[in-house]
């Protein structure tokens, strides 16, 4: 239950259209709701963190996903389920007719209250077309959290010249997410070209000794470029959530103050890179 829903509930009680007992029953599920043998849903997360609990669908049955989705959607206008299968989506659709499905992102979602003023500032960069499922998971997460990411695809280090036209955009971004499999080198390259924080996402894309993304993960953790942090393998959602928090802080402050971190403040950067200081 979000703030507007709580106000509506209190208004119903005040007008006499809902009894106090009925209102208490509704409020009882505000902190959490127990689905016996299945889950304990954290309905308070939206109020605490600004975004509702997300369903990690992998390992759950279609019926479990459907039940969890139905109960979460009863308390929040937005819903996101990651690593979902089409069978899980079809089952949940029986309970939520307005539910959406993004096959490439492997995610089910709905948004009954779309945010009209999406914030710019996040750049999404992926090394290869095979990394697109992770990029799309990140992109969907960012949209639901109120951000409009700038996406650049297939600019991996096997053809490094492909990133050159995008260097100005890299240097204007508030935060950059770099998604790469194989040896994961693109993250260090990008971090060396921008003052923005870089969130690196290793993917499970690669042959043999890629070890399902472990090689890219270790390479990113050992990257020599400064200003780079690394999330878990294929974790587009986690990277996007972190990027949204960073971009929210920057964009919210930029509307009320000149703090040096706004896109305007970054306008002096050029394709040649940030200006060198003395010494």
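The values are calculated or read from the model by the stated rules, or taken from the named source; none is laboratory data. Small disclaimer: the values here were computed from a predicted structure and weren't measured. Note that we place each Cβ from the backbone using ideal geometry, even for glycine, and neighbour counts take in every protein chain shown.
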Looking only at the stretch 138-153, which residues are free of Cβ contacts under 8 Å to residues at least 40 places away in the same chain and either over 14 Å from residue 122 (Cβ atoms) or part of a strand (DSSP E or B) (or both)?
150, 151, 152, 153
Under the condition of being modelled with pLDDT of 75 or more and surrounded by 10 or more Cβ atoms within 10 Å (Cβ to Cβ), which residue from the stretch 15-32 is nearest to residue 145 (Cα to Cα)?
18
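For the structure I just gave you, tell me whether residue 94 is assigned by TED's automatic domain parsing to the domain that holds residue 64, over 23 Å from residue 207 (Cβ atoms) and modelled with pLDDT under 90.
Answer is no for this residue.
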Checking residue 191 against (1) closer than 18 Å to residue 247 by Cα; (2) in contact (Cβ under 8 Å) with a residue 60 or more places away in the chain: exactly one of these is not met. Which one?
(2)
Is there a residue in the stretch 168-176 that is in contact (Cβ under 8 Å) with a residue 40 or more places away in the chain and under 18 Å from residue 233 (Cα atoms)?
yes
Matching residues, the stretch 79-137, being under 14 Å from the mean Cα position of the chain (by Cα), under 15 Å from residue 55 (Cα atoms) and in a helix (DSSP H, G or I)
137
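Every residue, every condition in (1) buried (at least 17 other Cβ atoms within 10 Å of the Cβ); (2) at pLDDT 85 or above; (3) out of contact with any helix residue (DSSP H, G or I) (no Cβ under 6 Å at 6 or more places or on another chain); (4) outside any helix (DSSP H, G or I), yes or no:
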{"position": "5", "(1), (2), (3), (4)": "no, no, yes, no"}
{"position": "8", "(1), (2), (3), (4)": "no, no, yes, no"}
{"position": "34", "(1), (2), (3), (4)": "no, no, yes, yes"}
{"position": "59", "(1), (2), (3), (4)": "no, yes, yes, yes"}
{"position": "69", "(1), (2), (3), (4)": "yes, yes, no, no"}
{"position": "76", "(1), (2), (3), (4)": "yes, no, no, yes"}
Which of the residues spanning the stretch 154-174 are part of a loop (DSSP other than H, G, I, E, B) and closer than 19 Å to residue 220 by Cα?
154, 155, 156
From the residues in the stretch 140-154 that are buried (at least 20 other Cβ atoms within 10 Å of the Cβ) and more than 15 Å from residue 54 (Cα to Cα), which one is farthest from the chain's Cα centre (by Cα)?
152
Just give me the residues in the stretch 182-230 being in a loop (DSSP other than H, G, I, E, B), in contact with a helix residue (DSSP H, G or I) (Cβ under 8 Å, 6 or more places away or on another chain) and closer than 19 Å to residue 170 by Cβ, in sequence order.
184, 185, 193, 194, 195, 196, 197, 223, 224, 225, 226, 227
When the stretch 43-57 is checked residue by residue, the ones that are in a loop (DSSP other than H, G, I, E, B), closer than 23 Å to residue 105 by Cβ and either within 15 Å of the chain's Cα centre (by Cα) or at pLDDT below 80 (or both) are 50, 51, 52, 53, 54
